[in-house]
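> The structure that follows is given in the form of structure tokens.
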Amino acid sequence: MEFFNQFGLPPSESYLELMRYLLVMTLLIHVTYMSLVAGSTIISLILNSRDRDVRNTHFGRLAKDLMDMVVPSRVVVLVFGILPLVPMWLIYGQWLYKSIASTMFLLPVAAGVIALALVVILIYRATMRDDGDNSMANFGIGSAGLMILLAGMYILATSTVRLNDPERWHLMQSPGRLMVSFNVIWKYVYFLLGAVCATGCGMLFFFFHWPGRGPVTDARYARFVKNLAAGLAMPCLILMPVIGFFYLVTTPIVAMSGAVYGLATGTVILMFIIFVYLFQTLLAERSSYGVHAFLLFLGVLLLVGVGDQLNLVNATAEHTAARIVEAEEAAAQIALEREAERAVAAVVDVARGREVFETVCTTCHRMDERLVGPALNTVLPGYAGRIDDLISYLQKPSKKNPDFPPMPAPGLPLSDVKSVASYLLGETTDSGTGENGGH
Amino acid sequence: MNRRDFVRLMGLAGGATALNSCGLERQTEKIIPYLVPPDDGVIPGVATYTQTTCTECPAGCGASVKVVDYRAGKLEGVAVHPVNDGALCMRGQASLSRLYHPDRVQTPLKKDARGDFAEISWDEAYDMITTALKASSSQGFGFKGQKNTKTKNVFLSGRTSGTLSELIDLFCSGSAVERLPEFELFSYAAIRKANETLFGRAELPSFRIEDADFMLTVGADLFETFVSPVSHAAQFARAKKNSHFEWTHVEPHASLTGFQAKRRYSVTPGSEPYLLTFLLTKVSRMNVAGDRHIADVIEALPKLTDRGFAEKTGLTVEQLNGIAESLLSARKPLVIAGGVSTTQAVGFETALLAGLLQWAVGMIGSTVDFDHAENYDHVGAAGDVVELSSRLGENGIGVLFVSNVDAAAGSQATLGLENIDKAGLSVGLTEFMNDTMRQCDVILPLSDTLESWGDAIPKRGLVNVIQPAVEPLYDTRTTGDILLQLVGRLTGNTPAASYQEFLFAKWRSRYGRQSVETLLVDGFLRRPTTRTAVNLDHLATRRRLRSLKITDAVAWPILMVTPSIRSFDGRSGDLALLSEIPDPLTTITWGGWLSISQADAAEKGLEDKDEVRVASSEWTAKLPVKIQRGLPRGVMMVQCGSVKPVPLSIDPRSGGVIASLEGVSIEKTAMSLAVPIMSGSQSQEGRKIIPEPSHGGERHHHDPEATLYPDNVYPEYRWGLVIDLNLCIGCGACVSACYVENNVPVVGPEEHLLGREMSWLRIEPYDAKNDHVEFQPMMCQHCGNAPCEAVCPVFATYHNPEGLNAQVYNRCVGTRYCANNCPYKVRRFNWYDTKRPSALNPTRNPEVSIRGRGVMEKCSFCVQRIRSARDVAKDRKSKINDGEVTTACAQTCPTKAMVFGDLQDENSEVYRWAHSERAYRVLEPLGTSPGVHYLRNKWKNDHA
Amino acid sequence: MKKFLAISAAAGFFAFFAAVFLALGADWYRNKRAPDQPIAFSHKIHVGKVGLKCETCHKYTHQSTFAGIPSVQKCMSCHAQVATDRPEVQKLSGYWERQEPIPWNRVHRIRIREHVFFSHKRHMKADVDPKLECANCHGEVQYVDKLRRVSSLEMGWCVSCHVSKGASTDCLTCHR
């Protein structure tokens, strides 16, 4: 962590707010894309293998089309697959500034693995020919890519989801104990189902409604694709709430808030609507709801993403609060220094001092009676002739007398502090002598 | 499945989940802080101790009360207290539950026309009393309105001492009230009367057992109820430590005390005077005391041959001579006659001759101590009550105060306070309702001792403090405060605003400020006593002896009524805990019984639990039978608590009670009753559970058993307990202490009849040869390799690194395998969630979990005490020193027969004991290597 | 018709899970979230800003098993003068004038506490390096206004710390 703490700054509240939105956005893009990639690769691999035994041209063709759809070019892969990881990394780094969570080490690992996986998948795609016959397609490479991808996504899931359990951050030094967590596992399963589901909706969207590629000409192929897409997505939709439930009950209470449950409910409702669309698609002759399904599913992913962010926010509430306070202190420090420069010329104004004294100090202090703080004529004589000590004390008070609660910093500009100090000392030396005369 | 069903099911499941998830974990719990914190420096959860006095019996033991969060949690003896030296008896331990007893009288009560009690305010009560007093003192107030000039107001109270007694005098004198001698059922009247006759001092001397080298006790149940049991036990322990201490016990019946003696002889009931006469004649020949006139005093006594004496007493000539010799050869002999021997027809003679013997052998002033006589100055005799009853009968009483008296215990019998309702106004001062109080017109509720200020002078030269451990629970007052109020209202000027002020004023004037401080801190104060010479009044004695005719007990069989170690004269009977603890001799818990001798049982074909009807001329009762070893033929025993009415009568000479019925008839009914007898068998079945006394030599407790398991290693401590059977008197104080300390539930007779007792610690009486009974405390032995641990499927019991056999209640699932596998049978199973009266909740020890249903429990070596000792030790960053931690049982043992500590610490007491040549462990051959060691008894059971 | 059946079946299914999630939410709201206190006392102000030590108010932390909740009088010792204009402080003075104690809601509670014997004193005086801080279990309260339970206070959590600090894991350490 130290490495990051060198570069990170104590983040202010608004800054963190911004970070949070950025993070959600990045996650949305990245997670959507990754689920499309994962889903497509899975399906395409399955089709390929099926293609081997039943010589069905549709299988091979779809296998190819799918890969074209998700990894059309290196640029797309780079932009959607790999680049988002960098801001994600930095934002988490900012978020977990000075925390002991080991996410910051896991994220790059995940990024690396994912990048590798994408490369391999690119190769896999390259091994497929344009005509329906994919006998030459390299099944091995594809599955290897998939495996690496899944591994990468698991690491990613762990590094983020485990943040919800600050109570066990101190355990996170050992990856072994870190990886094994029901919470993470459920989340991961949820992701896999989401991936297939997303791909299903994605197919309906990209194959039938994507401006570039236009409606598929071959009607039989179109129906095949449509049915396959809907048929795959629907069961996953059914399963997702179940897994979601397990994820919710395994999430630590500290990471919970009412909104999280609300969002969860929201996702379920969206899922139902999607389900209906898919159902229609399945029965209808031709796909007409691809756009709705896909966009709604993006909605689901968005809700989930927001939910995760809320988890993180809840779990790290104290941590963040602490950072924010640090930030404020730092700012205050800077302000104080500026003040000091100006205060060289600050005029000492006893009248002003009196004014300040009556407004600020008198809540706790009186000249000759004990309130929250001691009676001033008991303490001030100690400062007689040591005005600078008094000033520095008033700027940064420290606990002196065990009988009293410590004095909070009044946070006055230096000029006022000086004025008050001189006023006070004047007070005591005038009235003080009188009193000393008294006893 | 159609749609409807489907949706319905879904709804159902949904609802279920919702409910279930809502019930997961509640957190709606309040924390209520102080409004203003108390400035008494009490830290929540930290125990403080208050020194006071146990008032369960007249002995006056010092008690220190453990208070946590303003709740009295436990009583323990005040360390180095002259009477009890840190120990408390069974009753003392249990007396805590008196404070929180649900049946306490909580407000002043007034009896209405229908005879029911209705609540009234204190002012009303005071007014009633004052007006009645004024009326009676002015124009003489008779019964219920009738004029009667010679009426008197009387104040009858239970035994009081110290300042309270003074205050009573002050009150009585101030307001024309006659103070009657105080009431104690067992007031040792015979002994005091005898001493009056002999020495002109109607006093009950204290006996210095620890100084004696030979003790002869005649019927005195030293360790059970006689005068000051704990003190006697403690002294006995000290005496027995020195090797040449001898003790011969002669008794007409069979008592716990008897079985502790080195020699125990059964004497024919009523023949004790002969025994003493024999000894006197022997002694007088020697003229030990150097009293020239003693011989001609003895002249007056009946003369018999040794054989004659032997026939009369039922002892052999050898035995008689044996006793005489040890008596004469002893440097500091001690003779004590008491108990049943002084509460029978010839009780007075027995006491008289015993006193004379004490004089003749010169015990007076050495082992028989009149300077520190027990304080019975104001106590009268049971007979006084009978007289009062007759006075009441002829409407002779105006206002009757009855304070702390349950004299109606035997109301239907010949003894008892009757006609209370005939008094003009009868005022009862009491903590509990009882037969006497129910007859009163007004009831003034008394505060419990633990709520009260006061002092007690149990014996001359000793003052005990009574200071409140808790705030009064109810609207009650102390006797002192009530009397002060009355005095104030009658005379107009109160001696003091409160009894507390009154006390402190008195104390300061009596002892001075400095001493008052010590009194409050130590709990007691030793006062110098004036040594007064005690001399035999020869003439009076001789005259008395001339007229002395010893009537032999003729009519058989004889029924002896003994006070009970558990309920004393019955007063402790209302403490449920004491009914739960087995009677040491019979191990019977709930209900009464009749003890009969083996001979009689055989004769009448009786077995345990057979019901019999016992009857004398004016008394009859139905009781189950328990065969008692050591009980001579023709003698039967019944305990005070266990029969109502108690068949007692009054000895006209001393006014004391006669607690033996002659010529009772006993016949078997067809019934056999369910009696909870806790010990399955009193035979050791040759297992040498209590082996023969050894005189050194053989190797002891390193068990030769090879084991497959690795040896236990104890990094810090190996806690162990050693019990010296040489000192254990089987009194059961430890059992009581264990109950209170460890929240052991009181489950009641039904459960006991099913053999489901819960006591973690039990006293096992075992039959030995020569009609002897031996006692052994038995609790979890905390075995090094415990049979119970191996069979627990959930590891709820295991051997912890400090040698404790741990029982984790929240892990236990109640298979009860452990109990079945335990060779010592010390594990207890909770068959139900025991319902305690909620009033008793404050007595629960907050350091110990309450075990729920289906959980196994057992002795934990008071782990909570170990933990808190460790807490203290850790604060000063050191180990627990020897003696810093002890178990509740060891703490309260009157004879200090138990020592607890670290068996690995070679400098510890427990280590020394465990490596004594007398040490052994029960069922050692099983290879359980227990952490509890026993030390063999030094005295052979040569009882004839 | 078949189609309708299928749709409604799906509806039932998703509705069910919606209900379940809402139920979980309800449970969280009722039992698991940081409880609302009768007075919105802020540790952030008292510990963070004013810089009071925990022991100033929870005075038994080093002496007893309980940490101790400050008495109303304790609160008033400062708030008789300080910040008397704030509504929450006026609530406080209201309690004081009515001479009522403040019914705080418990935040830190051991689930099956009748079986667990926990001592604040022992933990504060524990001989470990670094010394145990209140924050180890109660979180950094100086940063938050509304206090919540940051540690599950479940046995696994206790034990994991006992193990890592080398404290005793003998059952009898906590269970008697």
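Quick note: the coordinates plus some simple rules give every number you see, no bench work behind them. In this text the structure is predicted, and so the values were computed from the model without any measurement. FYI the Cβ positions are ideal-geometry reconstructions off the backbone, even for glycines, and counts take in every protein chain you see.
> Considering the Cα trace of segment C:3-76, what is its radius of gyration and what is Dmax, both in angstroms?
When restricted to the Cα atoms of segment C:3-76, Rg and Dmax are 23.5, 72 Å.
> Now for a separate question. Among A:GLY305, A:GLY262, A:GLY39, determine the one that fluctuates most according to a GNM of chain A built with springs between C-alpha atoms less than 10 Å apart.
Most flexible of the set in this elastic network: A:GLY262.
> What are the extents of the Cα atoms of segment C:45-176 along their three principal axes, listed from largest to smallest and rounded to whole Å?
51, 30, 24
> If you take the C-alpha gyration tensor of chain B, multiply each eigenvalue by 5 and take the square root, what semi-axes do you get, largest first, in whole Å?
The answer is 46, 39, 28 Å, longest axis first.
> Would you mind counting up the charge near B:ARG542? Only other residues with Cβ under 12 Å from its Cβ, with Lys and Arg at +1 and Asp and Glu at -1.
0
> Still on this structure: Taking θ as phi - 60°, what are the ³J(HN,Hα) couplings along segment B:362-367 by the Karplus curve (6.51, -1.76, 1.60), each to the nearest whole Hz, with x for Gly and Pro?
Each residue's phi maps through the Karplus curve to give x, 7, 4, x, 9, 9 Hz.
> Of C:CYS57, B:CYS57, how do they rank once you tally other Cβ atoms within 10 Å and put the fewest first?
Ordered from fewest to most neighbouring Cβ atoms within 10 Å, C:CYS57, B:CYS57 come out as C:CYS57, B:CYS57.
> Can you give the Rg and Dmax of segment A:32-99 based on its C-alpha atoms, in angstrom?
17.2, 59
> Still on this structure: Which aspartates and glutamates, if any, have their Cα less than 12 Å from the Cα of C:LYS125, not counting same-chain residues under 8 positions apart?
C:LYS125 reaches B:ASP871, B:ASP875, C:GLU133.
> Let me ask another. How far is it, in nm, from the label point at C:MET1 to the one at B:GLU325 when both lie 7 Å from their Cα along the line to the Cβ?
Label-label distance for C:MET1 and B:GLU325, simple model: 11.8 nm.
> Work out the length of the dipole vector of segment B:345-448 about its Cα centre, built from +1 on the beta-carbon of each Lys and Arg and -1 on the beta-carbon of each Asp and Glu, and round it to the nearest 20 debye.
Here the size comes out at about 220 debye.
> Lysines near B:LYS152 by alpha-carbon distance under 21 Å, same-chain residues fewer than 8 away left out - which ones?
B:LYS134, B:LYS144, B:LYS422
> Then there is this: Please give the charge dipole size of chain C, origin at the Cα centre, charges +1 on K and R Cβ atoms and -1 on D and E Cβ atoms. Round to the nearest 20 debye.
Values: 26 positive and 15 negative charges, 74 e Å.
For chain C, the charge dipole is close to 360 debye.
> Could you sort the peptides B:869-879, A:226-236 by per-residue average Cβ neighbour count (10 Å cutoff), highest mean leading?
Descending packing order for the listed peptides: A:226-236, B:869-879.
> Here's something else I'd like to know. Averaged across the residues of A:279-288, what count of C-beta atoms belonging to other chains lies within 10 Å of each residue's C-beta?
If you average over the peptide's residues, the count of other-chain Cβ atoms is 1.
> If you consider only alpha-carbon coordinates, what radius of gyration and Dmax does segment B:788-944 have, in Å?
Gyration radius and largest Cα-Cα distance of segment B:788-944: 18.0, 57 Å.
> Here is a follow-up. Quick query: amide H of B:VAL250 versus all other amide H atoms, modeled in the peptide plane; which residues come in under 5 Å with a sequence gap of 5 or more or a different chain?
Excluding prolines and chain starts, which carry no amide H, the hits are B:THR217, B:VAL218, B:GLY219, B:TYR265.
> Quick one: of B:LYS626/B:LYS769; B:LYS74/C:LYS74; A:LYS400/C:LYS44, which pairs are farther than 27 Å apart, Cα to Cα?
Result: B:LYS74/C:LYS74 exceed 27 Å.
> Counting residues in chain A as N, plug N into 2.2 N^0.38 Å and put the Cα Rg over that result.
Scaled against compact globular proteins, the figure is 1.45.
> Kindly state, to the nearest 0.05, the FRET efficiency for B:ASN770 paired with B:ARG285, given R0 = 45 Å and r defined as their beta-carbon distance.
Details: r = 32 Å, r/R0 = 0.70.
In this case the efficiency is close to 0.90.
> Once you list every other residue whose beta carbon is under 12 Å from the beta carbon of C:GLN81, what net charge do they have if Lys and Arg are +1 and Asp and Glu are -1?
So the environment of C:GLN81 carries a net charge of 0.
> If you count the DSSP beta bridges with both ends in the protein assembly as shown, what percent of them are antiparallel, to the nearest 5? Walk me through the intermediate numbers first.
Numbers: 70 of 117 bridges.
Expressed as a percentage, antiparallel bridges in the protein assembly as shown total about 60.
> Roughly how far apart, in whole Å, are the Cα centres of segment B:776-841 and segment B:344-395?
The distance from the Cα centre of segment B:776-841 to that of segment B:344-395 comes to 50 Å.
> Please rank A:TRP169, B:TRP453, B:TRP122, fewest neighbouring Cβ atoms within 10 Å first, as an exposure proxy.
B:TRP122, A:TRP169, B:TRP453
> Please list the non-local residues whose amide H lies under 5 Å from the amide H of B:THR797, H modeled 1.01 Å from N, same-chain partners needing a gap of 5 or more.
B:VAL808
> Oh, and also: Using a Gaussian network for chain C with springs between C-alpha atoms less than 10 Å apart, which of these wobbles most: C:ALA15, C:ALA83, C:ALA126?
Comparing C:ALA15, C:ALA83, C:ALA126 in the GNM, the peak value goes to C:ALA15.
> Something else now. Could you let me know the centre-to-centre spacing of segment B:621-699 and segment B:446-469, using Cα atoms, in angstrom?
Using only Cα atoms to place each centre, the spacing works out to 35 Å.
> Within segment B:753-792, which residues have the backbone N less than 18 Å from the label spot 7 Å out from B:ALA602 along Cα→beta-carbon, could you tell me?
Counting backbone N atoms under 18 Å from the label point, the list is B:767-773.
> Now, a different point. Rank these for me by crowding, B:VAL317, B:VAL643, C:VAL128, going from fewest to most other beta carbons within 10 Å.
Sorted ascending by nearby Cβ count, the order is C:VAL128, B:VAL317, B:VAL643.
> Among all cysteines in chain A, which have no other cysteine Cβ under 4.7 Å from their own Cβ?
A:CYS201, A:CYS361, A:CYS364
> Compute, for chain A, the length of the dipole vector about the Cα centre, with Cβ point charges of +1 (Lys, Arg) and -1 (Asp, Glu) only. Units Debye, rounded to 20.
Computed charge dipole of chain A: roughly 2140 debye.
> I've got another one for you. Calculate the spin-label point distance for B:ARG508 paired with C:SER164, positioning each point 7 Å from the Cα along the beta-carbon direction, and give it in nanometres.
6.2
> Partner chain Cβ atoms within 10 Å, averaged over the residues of A:362-370 - can you pull that number for me?
Shielding by partners across A:362-370 averages 1.
> Right, here's the next one. Once both axes come from the Cα atoms, what is the angle between helix A:182-208 and the longest principal axis of chain A, in degrees from 0 to 90, rounded to 10?
Helix A:182-208 sits at roughly 50 degrees to that axis.
> What whole number of Å gives the distance from the Cα centroid of segment B:232-294 to the Cα centroid of segment B:46-76?
36
> Still on this structure, I have one more. In terms of modelled amide H atoms, which long-range or inter-chain residues lie less than 5 Å from the amide H of B:SER672?
Excluding prolines and chain starts, which carry no amide H, the hits are B:GLU611.
> What list of ³J(HN,Hα) values in whole Hz, one per residue of segment A:274-288 in order, does the Karplus curve 6.51 cos²θ - 1.76 cosθ + 1.60 (θ = phi - 60°) give from phi, with Gly and Pro shown as x?
These are the phi-based 3J(HN,Hα) values: 3, 4, 4, 4, 4, 4, 4, 3, 4, 7, 5, 5, 10, 6, 10 Hz.
> What is the mean number of Cβ atoms from other protein chains located within 10 Å of the Cβ atom of each residue in peptide B:34-45, rounded to a whole number? The partial results should precede the final answer.
On the way: counts 8, 11, 8, 7, 1, 0, 0, 0, 0, 8, 8, 9.
For peptide B:34-45, the averaged partner shielding equals 5.
> What distance in nm lies between label points placed 7 Å from Cα along the C-beta direction at B:GLU917 and B:GLU501?
6.7
> If you don't mind, there's one more thing I want to ask. What is the Å³ per residue value for the convex hull set by the Cα atoms of the protein assembly as shown?
267
> With springs only between Cα atoms under 10 Å apart, run a GNM on chain A and tell me which of A:PHE246, A:PHE357, A:PHE208 wobbles the most.
The residue that fluctuates most here is A:PHE357.
> Let me ask something else about it. With θ set to phi - 60° and the Karplus curve 6.51 cos²θ - 1.76 cosθ + 1.60, what are the ³J(HN,Hα) couplings of segment A:310-322 in order, to the nearest whole Hz, using x for Gly and Pro?
My calculation for segment A:310-322 gives 4, 3, 4, 4, 4, 4, 9, 3, 4, 4, 4, 3, 4 Hz in order.
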